[in-house]
Amino acid sequence: MTGVGRPAPSELSDARLGELVARLGVEERVRVLTGATAWTLPPLPAVGLRPLTVSDGPIGVRGRGTAPTTSAQLPAPSALAATWDESLLDELGTLMAAEARAKSADVVLAPVVNLQRTPLGGRHFECFSEDPLLSGRLAVAYVRAVQRHGVGACVKHFVANDSETQRTAYYSRLSARALREVYLAPFERVVKDAGVWMLMAAYNGLDAGSPRDGRGSGGGTAAPATEHRWLLRELLKEEWEFDGVVVSDWMAAKSTAASARNGLDLVMPGPGGPWGAALLEAVRSGEVPQEDVDDKVRRILRLAGRVGALAGTAGPPPEDPSADVVPEHLGDEPHAAERRLETASGDEPATRAVLRRAAARATVVLRNDGLLPLPRSTSRIALIGANALEPFVQGGGSAHVTAPYVSRPLDALREAFPSAIVTAHRGGRTLSHAPLMEGAHVDGGEVELTVLGPGERQLETRTLPLPWDGVVRGLPEEAVSVRVEARIGLREPGEHLLEAAPAGAHRIEIDGAVLSESTDRVGKEALLDSSANHPRGYVRTVQVPRGGRLLSLSATVQVVDAGPFGRFARVELRHLPPGPGDGAEIAEAVRAAGEADVAVVVVGTNHETESEGWDRESLELPGRQCELVDRVAAANPRTVVVVNAGAPVLLPWLDSPDSAPATLWWWLPGQEAGTALADVLTGAAEPSGRLPWTLPASHGDVPVPDGVPRDGVIDYAEDLDVGHRGWDRLARTPAREFGFGLGYADWSYGPPRAGPWRAGEPLEVSVPVRNTGARPSREVVQLYLEAPAALAGPSGENPRRPVRWLAGFTVVEAAPGATVTASVRVSPRAFEVWDEAARGWRTPAGEYRLLAARSSRDVRGEVTVPVRAEA
Ligand code: BGC
């Protein structure tokens, strides 16, 4: 990892900020409150402010858009959470800061501390955990590290932004207690303990603590998160004393006066949007107080001071990028100027080493009947699975980065087992859609594009060779639609699939027959929603005779006006050539497994499954992967299954006595995918991951089975019982519970001891643990609390508590046979409840059970903590 190269941040005093604001005219003050581009703010030469730059996280720092550069690609946040390791998050935060500096970014739009409320949530992989305490503590470690190096973090998405369906429109409705104790909890920690410099207001609306369902205190209001006065002003800025910048999620701000008055500080992206001239007018007419605008400007200048963007503070030289780019998930290309600014990264030995260690450490051993680790002398390994050949290393959406390389399992296993013959077998396709057309499979052919203006007036034509990526960019203002005429030469005899995937209104014909037609136009907001994002497409099967066939495809697609992201038209052309078929591929893989010493089957999700922009509908593994596991395991009793997914999928074979004796959860592991897997399989690294969420055995058991709004509202009816708390409340048995992970060692626990409880102070707890295994190992010691029986009641004086909740944790390491003492501090908040009537925190008195555990259901010892009534 390279040095971060920026001195410690400098804080500007309130008096100094006031002086700077006073030097600016009202037009300049308003101007700096909207992005100049999708990723930068306008400069203010009068006060020496250069353009502040933000860039997406949390998996890596992309730079300003989709520039053709590389970025260090971390394991997905759900993987990082499986390490439960704050010191690792600190190291990765430092890496993110170095990446940000290399790409001239001042603020990284990360971490995500929304909760995995339902396993189907599209951005599940991008969140840390289903548990508020675990999410908050890991986020604090990450943010502190990023900001220690003078780069800002932007915690997101504030708040209750836990699913993707209709994501720009729905309201989350929850009780004041659920809001305070669960969904705000990680944000509160990041604001108060890490002093985060930026916070992103979410797309959704918030309806919390409202009287309408009897669960609230009545103080709540329903409003979009970007203009929720109680949330942004009263809670965040006044009660929590947040002194940073509240930025809108991209295109989330809709109103002028309401958002400006109620606490939003910055509208992104720009130019355009609801502020600008309209806000200036509102200030002049008195509708928005001048003082509100000045407060926002002070906050932006404070941030600028912290990241060194003001003349006289530390930081890189001023630059003024003139044009902008569309984020990857919106599908446009980088501006040429960006290419010069960006630097490739992710390939340095120290970066590779930390990413490899992180991915190996995160791996969770779900089952191991003695097969793992594999001996180095293993002579023949059959590596099987679509995800073995093409690992799914990161989820889709704004977090996407281009890694400098992806370490493939095949190469890594060949290196790790030098005397073994390692063979690779796909064992069937797992994608429902055809891949993008490839040159190797089409016999020449070309595409003619005609850009049409109003009244079908021809504006320009372009001719391009096939294959083509399907996106038309750089379109003139008056462009309305684009006509695409493609001649596609198909050579191989047999059955081909042709698929066309348009964005918005279109008409597509193949050889004169209509394939699909729609008059539903999409605009920039629709692009953020699942309707336009999901990789659906329209399919035609084509029989190609010996000697080949020339097809003609003609399409007309609308031009999408994506505001600050530019104008484009899109119709992806996809193609699946004839192949052996899934049945034959599975049979071939099973045959190879039977001949091998060990079979390693990698199953998992893919880019059609896990992404921002849509929720999943099912927990099933795509394709015939369960059948593949069953048949491979039947052919070879020494089968290891490796699960390549960020969010839960059903593993029906997991506990079957005649199926695979070992199953590992490998996550979305980032660029060091293969090396990390090889380290785990050989035992060079300890797979010490523990699940940061609950793995269901069936969809029907899941306490919150979906996150779909009903009449525009998502009702958080489970209240405090999110994740494992819901499983405990309903007394359901998952496939593997929250906190579960076997590692490669065994541990015995001595009796936990708790120091005296004192009001307002952390409780010191120590737990002696002994490594009873044969290898050095790491253990995640978890502490859970259970309320006094008298407090488990449904309402009133005795507030209902979860059956059991996570109260603390720590990671320890020990050599074989060694005993170490795990010291854990339990924060006073772990005992507290939000008192809706009194609008304050209070600690219900009584005898609490404090459990020392290996997982939420594997309790190894307990101690009683008497809590006195508050004076
Ligand atoms: C996402 C944010 C992201 C932003 C900029 C939005 O669609 O919700 O997480 O930071 O785009 O890419």
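The values are calculated or read from the model by the stated rules, or taken from the named source; none is laboratory data. Treat the numbers as computed from the prediction; the structure is a model and nothing was measured. Don't worry about glycine lacking a Cβ; one is built from the backbone with ideal geometry, like all the others, and counts go over all protein chains shown. Calculation scope for accessible area: heavy atoms of the full protein, side chains included, ligands and nucleic acids excluded. Shrake-Rupley method; radii C 1.70, N 1.55, O 1.52, S 1.80 Å.
From the list A399, A403, A362, A386, which one is within 16 Å of the ligand (Cβ to nearest atom) and open to solvent by less than 40 Å² (accessible area, probe 1.4 Å)?
Of the residues listed, the single one that is within 16 Å of the ligand (Cβ to nearest atom) and open to solvent by less than 40 Å² (accessible area, probe 1.4 Å) is A399.
Could you say which residue among G623, G674 is more than 20 Å from L372 (Cβ to Cβ) and in contact with a Lys or Arg (Cβ under 7 Å, 6 or more places away or on another chain)?
Sole residue among the options that is more than 20 Å from L372 (Cβ to Cβ) and in contact with a Lys or Arg (Cβ under 7 Å, 6 or more places away or on another chain): G623.
Kindly establish whether V422 is in contact (Cβ under 8 Å) with a residue 12 or more places away in the chain and not assigned by TED's automatic domain parsing to the domain that holds V542.
yes
Would you mind stating whether P274 is within 16 Å of the ligand (Cβ to nearest atom) and out of contact with any His (no Cβ under 6 Å at 6 or more places or on another chain)?
Judged against the criteria, P274 is not a match.
Considering only residues that are among the charged types (D, E, K, R) and open to solvent by less than 40 Å² (accessible area, probe 1.4 Å), look in segment 833-845 and name the one that is modelled with the lowest pLDDT.
Among those that are among the charged types (D, E, K, R) and open to solvent by less than 40 Å² (accessible area, probe 1.4 Å), it is E836.
Kindly provide the set of residues from segment 96-115 that are touching a helix residue (DSSP H, G or I) at 6+ places or on another chain (Cβ under 7 Å) and open to solvent by 10 Å² or more (accessible area, probe 1.4 Å), ordered by number.
Residue satisfying the conditions is S104 alone.
Among (1) more than 30 Å from N161 (Cβ to Cβ); (2) open to solvent by 30 Å² or more (accessible area, probe 1.4 Å); (3) not in a strand (DSSP E or B), there is one condition S552 misses while meeting the rest; what is its number?
Here S552 clears every test but (3).
Just to be sure, is T226 among the polar types (S, T, N, Q) and at pLDDT below 95?
no
So, R414, is that one surrounded by fewer than 22 Cβ atoms within 10 Å (Cβ to Cβ) and of a type in the set (K, R) or not?
In short, yes.
Restricting attention to segment 107-128, report how many residues are among the polar types (S, T, N, Q) and either in contact with a Gly (Cβ under 6 Å, 6 or more places away or on another chain) or within 13 Å of the ligand (Cβ to nearest atom) (or both).
2
Scan D561, D597 and give me the residue that is assigned by TED's automatic domain parsing to the domain that holds L695 and among the acidic types (D, E).
D597
Say whether the condition of being in contact with a Ser or Thr (Cβ under 7 Å, 6 or more places away or on another chain) and open to solvent by 50 Å² or more (accessible area, probe 1.4 Å) is met by at least one residue in segment 422-445.
Checked against the condition, which is being in contact with a Ser or Thr (Cβ under 7 Å, 6 or more places away or on another chain) and open to solvent by 50 Å² or more (accessible area, probe 1.4 Å), segment 422-445 yields no hits at all.
Name the one entry in E620, E572, E585 that is in a helix (DSSP H, G or I) and either more than 23 Å from V471 (Cβ to Cβ) or open to solvent by 30 Å² or more (accessible area, probe 1.4 Å) (or both).
Result of the check over E620, E572, E585: E585.
Taking the conditions exactly as written (closer than 14 Å to P648 by Cβ, surrounded by fewer than 23 Cβ atoms within 10 Å (Cβ to Cβ) and free of Cβ contacts under 8 Å to residues at least 12 places away in the same chain), does G700 satisfy them or not?
Yes, satisfied.
Every residue, every condition in (1) β-branched (V, I, T); (2) open to solvent by 30 Å² or more (accessible area, probe 1.4 Å); (3) out of contact with any Pro (no Cβ under 9 Å at 6 or more places or on another chain), yes or no:
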residue: I714; (1), (2), (3): yes, no, yes
residue: D719; (1), (2), (3): no, yes, yes
residue: V722; (1), (2), (3): yes, no, no
residue: R732; (1), (2), (3): no, yes, no
residue: A745; (1), (2), (3): no, no, no
residue: V765; (1), (2), (3): yes, no, no
residue: N771; (1), (2), (3): no, no, no
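Which condition from (1) in contact (Cβ under 8 Å) with a residue 40 or more places away in the chain; (2) out of contact with any Phe, Trp or Tyr (no Cβ under 7 Å at 6 or more places or on another chain) is the one that F809 breaks?
So F809 meets the others, but not (2).
Return the pair list, or none, for Cβ contacts closer than 7 Å from residues in segment 450-469 that are closer than 16 Å to R570 by Cα to residues that are basic (K, R), at least 6 apart or on different chains.
From residues that are closer than 16 Å to R570 by Cα, the pairs are T450/R483; L452/R483.
Here is a check on your reading of the model: is L24 more than 16 Å from the ligand (Cβ to nearest atom), open to solvent by less than 10 Å² (accessible area, probe 1.4 Å), at pLDDT 95 or above and touching a strand residue (DSSP E or B) at 6+ places or on another chain (Cβ under 7 Å)?
Yes, satisfied.
In segment 83-106, is there at least one residue being at pLDDT below 95 and within 16 Å of the ligand (Cβ to nearest atom)?
Checking segment 83-106: at least one residue is at pLDDT below 95 and within 16 Å of the ligand (Cβ to nearest atom).
Which pairs do you get when a residue that is among the polar types (S, T, N, Q), found in segment 271-294, comes within reach of a residue that is at pLDDT 95 or above and open to solvent by 30 Å² or more (accessible area, probe 1.4 Å), reach meaning Cβ atoms under 8 angstrom, with the pair 6+ apart or on two chains?
Pairs found: Q290/V26.
Condition check: under 21 Å from P776 (Cα atoms) and among the aliphatic types (A, V, I, L, M). Does A685 satisfy that?
So A685 fits the description; yes.
Exactly one of (1) within 16 Å of the ligand (Cβ to nearest atom); (2) crowded, with 24+ Cβ neighbours inside 10 Å is unmet by L279. Its number?
The one condition L279 does not meet is (1).
Kindly evaluate V641 against the criterion of being open to solvent by less than 20 Å² (accessible area, probe 1.4 Å), assigned to a strand (DSSP E or B) and under 30 Å from P349 (Cα atoms).
yes
Condition first: of a type in the set (S, T, Y), open to solvent by 10 Å² or more (accessible area, probe 1.4 Å) and within 16 Å of the ligand (Cβ to nearest atom). Now tell me which residues in segment 129-188 satisfy that.
Within segment 129-188, T165, T168 qualify.
Look through segment 259-275, keep the residues that are open to solvent by 30 Å² or more (accessible area, probe 1.4 Å) and among the small types (G, A, S), and return whichever of them is nearest to G566 (Cα to Cα).
G272
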